[in-house]
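First comes the structure, then the notes that go with it.
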């Protein structure tokens, strides 16, 4: 079983040529090995995991990743990791999954640099990765404080070492953009939306288009359907991750690890239309197993 599973983010492109890193997932084993995967299938049922995966999938590309509090994919190979002491570390993987457990191949020279501190107190941390064609590159990071306040950050640096967190951050970073987020079981961000699971299994949809303008009430910057329930029964997964997908139309693919280690595929093409039953907006292959041992 994996200790962590996270989508790496699809990344940016200078032209409208499609998302460059669709389906790329990293997983951390209990002993700390970092594994590379890429899934290009469409949720065809195959519990064996023989269908839809790129050849280098399951290769180790690093080690020593087991002790982070949070590990997040930011797009373009960027990985943000929070240490127990609160330091926020920056990594960028530019490789293709070639096996190298030492972590010497494919990593940007700035990988491992601290770009901030004081991140250990957040209950949840999630990101909206940079992706697609954009003139405003950067990773939007949200942190949920112990009291449930939602804080907004945006990082546009290139991993320049600065433990103080003074370099590369948008001036609005740290502003509160909502409240009442402390009760969720888990929260994940994709390029276009945020998915949050309540303890009773309700899956809620949000989409934020603001730029960190302070609003503790959460009344500004959110699309109208934000907070709507789009499914149920999501409380028992060991892991949940996902990201945007532009294959056969634009939507979001979620990857969920069941209690027995099966990796399940879901695709949501909706826009937060309220439907607690989960009958609206989901592709037919949703909930199919595409692997095991996760």
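Filter segment 271-282 down to the residues that are more than 17 Å from residue 201 (Cβ to Cβ) and buried (at least 18 other Cβ atoms within 10 Å of the Cβ), then identify the one that is farthest from the chain's Cα centre (by Cα).
Per the criteria, the residue is 281.
Which condition number in (1) under 19 Å from the mean Cα position of the chain (by Cα); (2) without any contact (Cβ under 8 Å) to a residue 60 or more places away in the chain is the one that residue 56 fails?
Only one criterion in (1) under 19 Å from the mean Cα position of the chain (by Cα); (2) without any contact (Cβ under 8 Å) to a residue 60 or more places away in the chain is unmet by residue 56, namely (1).
Please work out which one of (1) touching a residue at least 40 places away in the same chain (Cβ under 8 Å); (2) closer than 30 Å to residue 54 by Cβ is the condition residue 260 fails and give its number.
Condition not satisfied by residue 260: (1).
Can you name the condition, by its number, that residue 187 falls short on among (1) assigned to a strand (DSSP E or B); (2) more than 20 Å from residue 130 (Cβ to Cβ)?
Against the list (1) assigned to a strand (DSSP E or B); (2) more than 20 Å from residue 130 (Cβ to Cβ), residue 187 comes up short only on (2).
Inside segment 193-221, can you point out the residues that are crowded, with 19+ Cβ neighbours inside 10 Å and closer than 27 Å to residue 282 by Cβ?
Residues satisfying the conditions are 193, 194, 195, 196, 197, 202, 203, 204, 205, 206, 208, 218.
Looking at 140, 102, which one is at pLDDT 95 or above, crowded, with 16+ Cβ neighbours inside 10 Å, out of contact with any helix residue (DSSP H, G or I) (no Cβ under 8 Å at 6 or more places or on another chain) and closer than 29 Å to residue 32 by Cβ?
Answer to the check: 140.
Test each condition in (1) within 16 Å of the chain's Cα centre (by Cα); (2) at pLDDT below 95; (3) over 28 Å from residue 257 (Cα atoms) for residue 191 and report the one that comes out false.
Only one criterion in (1) within 16 Å of the chain's Cα centre (by Cα); (2) at pLDDT below 95; (3) over 28 Å from residue 257 (Cα atoms) is unmet by residue 191, namely (3).
Out of 61, 82, 28, report the one residue that is surrounded by 20 or more Cβ atoms within 10 Å (Cβ to Cβ), over 17 Å from the mean Cα position of the chain (by Cα), farther than 21 Å from residue 244 by Cα and modelled with pLDDT of 95 or more.
61
Of all residues in segment 64-79, which are surrounded by fewer than 22 Cβ atoms within 10 Å (Cβ to Cβ) and more than 17 Å from residue 129 (Cβ to Cβ)?
Within segment 64-79, 64, 66, 67, 68, 69 qualify.
What tally of residues in segment 121-135 results from selecting those that are in a loop (DSSP other than H, G, I, E, B) and touching a residue at least 12 places away in the same chain (Cβ under 8 Å)?
7
Looking at segment 198-219 only, could you name the residues that are farther than 13 Å from residue 151 by Cα and touching a residue at least 12 places away in the same chain (Cβ under 8 Å)?
198, 199, 200, 201, 202, 203, 204, 205, 206, 207, 209
Here are 18, 49: which of them is modelled with pLDDT of 95 or more and either out of contact with any strand residue (DSSP E or B) (no Cβ under 7 Å at 6 or more places or on another chain) or surrounded by 16 or more Cβ atoms within 10 Å (Cβ to Cβ) (or both)?
49
The values are calculated or read from the model by the stated rules, or taken from the named source; none is laboratory data. These figures come from a predicted structure and were not determined experimentally. Using ideal geometry, Cβ is built from the backbone for each residue, glycine included, and neighbour counts are taken over all protein chains shown.
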